[in-house]
Amino acid sequence: MTNTWHRRSVMHVPLENASDTDWCACFDELWRFSQTLYHYVIPFICVAIIPLNLSVVISCAFILKRGKQPTCTYLFMGNMALSDLLTGISLLFDQLFPYAHQNHYICELKIGMYATSMMTSVYSLGLIGIDRFIYIVHGLQYQRLIYPFRAKILIMMTWFIGGTIGFLPLMGWHNTNVESKPCWYINTVPKELIILTTVLGVIPLLTVLVLYSIILHHALKKICEVQSSWLFRGLPVNEAKSGSSCKKQSKDVPNHHNDNKLFLLSPLEYPRCSKAIRVVLFTTGCFVVTWFPYLIACLIYVSECDLEKGSRLCMTLKMAISSPLALLGSLNSVLNPLIYAWWHKGFRGYVKENVKKTLVKKISTISLTHSDSSSN
């Protein structure tokens, strides 16, 4: 869903009111600045996207190979990291592909790669939200509703939806005279497909927003229930706030699903309301900040603007969509592994444990080699 262009192209669109030469000159300067910004910032974003998501993909593969639970959660996390990794590769491909050999087929290929990875990533986020919602709210039915075979089918569906939507321009559904226009998403893709892509992209985002709001509601409800039970037992207020009594009781209760907890919700544990609120606000805020401006700008553009003419609003929207908002959307692929992998207790613990084992093994090997050389 990015907007790539020929790097040396300059925007010349006839204005409806072209008499304001000062505004035109100012706009040309802003346009050149937006191109320069995209050209220099995208490599840094790629440097962040590729290693972060590659490490998550490799770690999830090792976790699944060792049979660590919950399997479905790690499948969804690995799929999201793989789609975000493809985002970084497609951006890098756009930057490194020779300018002299670009044509509309290469343009549609680049747009297809990026749109596929973005759609798959967004739907993977939706799957993670559904997975955690079912576990937290309907924990007793989790194993019956979410199991590895069903998770793999859902993952294949995300790639099918993303690939179908992303490569429709390459299969022939594109605007006319694309050869003579810069390689921008809004220039290449017809309005109907932009609307369809926007609607399909908003669905999982709204789903996650609703599900996480329900999770937060259940967390706050659990707080009220636990506090009421403390008052019923006649516990002191300070002891109730610390949750020490509940924590002591919870030690005797086995819990086999700690790896998949976003925050504590078991009946005998004190719910961490502040953490629940932070996670919900951060995840939904990430979606809203990174993708909603881009989607809203695309909708306004396709509904109000003509590709052959340009008002001030339309030209400003085109510049915003092609550079700043596209960069903002790309940052979502940097934030996803930080939110959904490195904040995950089981994943983080597994990575720390294996890194520690590797370092200890390396140090012991070096020490043994040094001692052998000294003895000789």
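The values are calculated or read from the model by the stated rules, or taken from the named source; none is laboratory data. Just so it is clear, the structure is predicted and the values come from calculations on it, not from any experiment. Ideal geometry is used to build each Cβ from the backbone, glycine not excepted, and the neighbour counts take in all protein chains shown.
From the list THR73, THR120, THR87, the one residue that fits, being crowded, with 22+ Cβ neighbours inside 10 Å, touching a Leu at 6+ places or on another chain (Cβ under 8 Å) and β-branched (Val, Ile, Thr), is THR120.
Just checking, does the stretch 133-156 include any residue being polar (S, T, N, Q), farther than 17 Å from THR198 by Cβ, without any contact (Cβ under 8 Å) to a residue 60 or more places away in the chain and part of a helix (DSSP H, G or I)? Yes, because at least one residue in the stretch 133-156 is polar (S, T, N, Q), farther than 17 Å from THR198 by Cβ, without any contact (Cβ under 8 Å) to a residue 60 or more places away in the chain and part of a helix (DSSP H, G or I). Residues in the stretch 183-199 that are in a loop (DSSP other than H, G, I, E, B) and crowded, with 20+ Cβ neighbours inside 10 Å: CYS183, TRP184, VAL189. Anything in the stretch 300-328 that is surrounded by fewer than 22 Cβ atoms within 10 Å (Cβ to Cβ) and within 23 Å of SER124 (Cβ to Cβ)? List them, or say none. Answer for the stretch 300-328, where residues must be surrounded by fewer than 22 Cβ atoms within 10 Å (Cβ to Cβ) and within 23 Å of SER124 (Cβ to Cβ): LEU327, LEU328. Among the residues making up the stretch 88-105, those that are touching a residue at least 12 places away in the same chain (Cβ under 8 Å) and farther than 30 Å from VAL208 by Cα are PHE93, ASP94, GLN95, PHE97, TYR99, GLN102, ASN103, HIS104, TYR105. All conditions in (1) out of contact with any helix residue (DSSP H, G or I) (no Cβ under 6 Å at 6 or more places or on another chain); (2) at negative phi; (3) surrounded by fewer than 15 Cβ atoms within 10 Å (Cβ to Cβ) hold for GLY172, with the sole exception of (2). Per the conditions (1) at pLDDT 80 or above; (2) of a type in the set (Val, Ile, Thr); (3) over 25 Å from the mean Cα position of the chain (by Cα), the sole criterion not satisfied by VAL237 is (1).
Cβ-Cβ contacts under 7 Å between residues 6 or more apart (or on different chains), taken from a first residue in the stretch 202-230 that is within 26 Å of SER121 (Cβ to Cβ) to a second residue that is surrounded by fewer than 17 Cβ atoms within 10 Å (Cβ to Cβ), are listed as ILE214/VAL137; ILE215/VAL137; LEU216/ILE277. Say whether the condition of being crowded, with 19+ Cβ neighbours inside 10 Å and over 26 Å from PHE44 (Cα atoms) is met by at least one residue in the stretch 356-369. No: the stretch 356-369 contains no residue that is crowded, with 19+ Cβ neighbours inside 10 Å and over 26 Å from PHE44 (Cα atoms).
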